[in-house]
Amino acid sequence: MTDKFNFSNGATYERYMGKWSQLVGEAFLDWVAPKTGLRWLDVGCGNGAFTDMVVERCMPASVMGIDPSEGQLAYARSRFESNIVQFHQGDAMAQPFSDNTFDVAVMPLVIFFVPDPAKGISEMVRVVCPGGIVSAYAWDMVGGGFPYESLFVEMRAMGTSVPIEPSREASRIDLMHGFWVGASLVEIESRVFNVKRTFNDFNDYWTTVLGSPSVGSKLAEMSSDNIAILKKQMRSRLPVDSAGQITYNARANAIKGRLPS
C-alpha cells in the first residue's frame, strides 16, 4: 500500500469509512452466505469494522485480520475481547501465513490500494484451503461509486490534489473477474451493491469528511475563502431533505469464488 494514504487513526476512520464499510459489508456477507465455524482471513482489516461483522454474523471458528497500519490495528484490537480474533501487521502481497491456513479470505474495500492486485489475490489463494472461499468487494472507483466522489471532484476542480489509489482500475468488476479467473478459482460470481447512508445535517457530513485520511490534511491547508467556496459547492450538490438530513448512495462491486476441491 502507498504512503500517500495515512490510515493511522482508527477512530476517525470509523466515522469516515467504517460506517460505509458496514453498510456494504452486511449485504456482502448475506450474499456470500458462508457456513458457521470457519477460519477467516480479513485482508486489509483496517480498524476492524468488517471483522466485527464477521464475528457477529458468521459465528467463525477464528478470524485473523492483517493490515499495514499499526494505528488501525490498535483500534481494531480495542474492539474485541474474544480470543478467536487476532490481528497482525503485514502486507497483502506477502502474507505471513502458511499454505491452507484459512477457509475464507476476504479483501474488503482494499483491492484498489494494493500495488499488485493479482499478487494479493494469489496470496489469498495460497493461504486458503481447497474448497475454500476467496472474495472481495470494492467501491466502484472508476464508475463514480466511491462515497465521497463528489467532494473529490469539487476539490480537484479547485486545483487541490487528492491522492489517487494506486490500483483504482482494479475496482472494475470485469477486471476483478479477470483476477479470479487468473487465480484458477471456480464457481466465480460477481454482484453490484448499492448502499445509502444518512448524515444528520451538513455539519455532520463535513465533520466526517475532516477525518478522511486522504483529504483531511488537504482541507486543513486550504484558505478560509476556498473552504467557504467548497462548502457552498457541496451544499448545492448533496441531497438535503426537509429536516436537513443528507442521504445519498454509494456503489461497490463484489466477487467471490472457490478453490478447486
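Bear in mind that the values in this text are calculations on the coordinates, not laboratory data. All of these numbers come straight from a predicted model, not from anything done at the bench. FYI the Cβ positions are ideal-geometry reconstructions off the backbone, even for glycines, and counts take in every protein chain you see.
Observations
- Kirkwood-based Rg to Rh ratio, region 178-219, C-alpha trace: 1.30
- Span from the region 161-239 Cα centroid across to the region 245-261 one, whole angstrom: 14 Å
- Overall shape of region 120-256 was characterised from the C-alpha gyration tensor. The equivalent ellipsoid obtained from it has semi-axes of 36, 17, 12 Å, in decreasing order.
- Only Lys, Arg, Asp and Glu carry charge here, each on its Cβ (+1 for the first two, -1 for the last two); on that basis the chain has a dipole of about 380 debye about its Cα centre.
- A P(r) calculated from all alpha carbon pairs of region 194-261, with 10 Å bins opening at zero, reads 16, 39, 25, 10, 7, 3, 0 percent.
- Across all directions, the shadow cast by the convex hull of region 8-57 built on its C-alpha atoms averages 3.6 square nanometres.
- One equal scatterer on each Cα of the chain, no solvent, Debye formula: the resulting log10 I(q)/I(0) at q = 0.07, 0.10, 0.15 Å⁻¹ is -0.24, -0.49, -1.07.
- Positive minus negative residues near F199 (Lys, Arg vs Asp, Glu; Cβ under 13 Å): +2
- Interchain or long-range residues, amide H under 5 Å from G132's placed H: L259
- One equal scatterer on each Cα of region 46-115, no solvent, Debye formula: the resulting log10 I(q)/I(0) at q = 0.13, 0.23 Å⁻¹ is -0.35, -1.17.
- Long-range Cα-Cα pairs in region 125-166 (distance over 14 Å), rounded percent: 62 percent
- Percent of beta bridges antiparallel (DSSP, the chain, rounded to nearest 5): 50 percent
- Ordered from longest to shortest, the equivalent ellipsoid semi-axes for region 34-182 are 28, 19, 13 Å, each the square root of 5 times a Cα gyration tensor eigenvalue.
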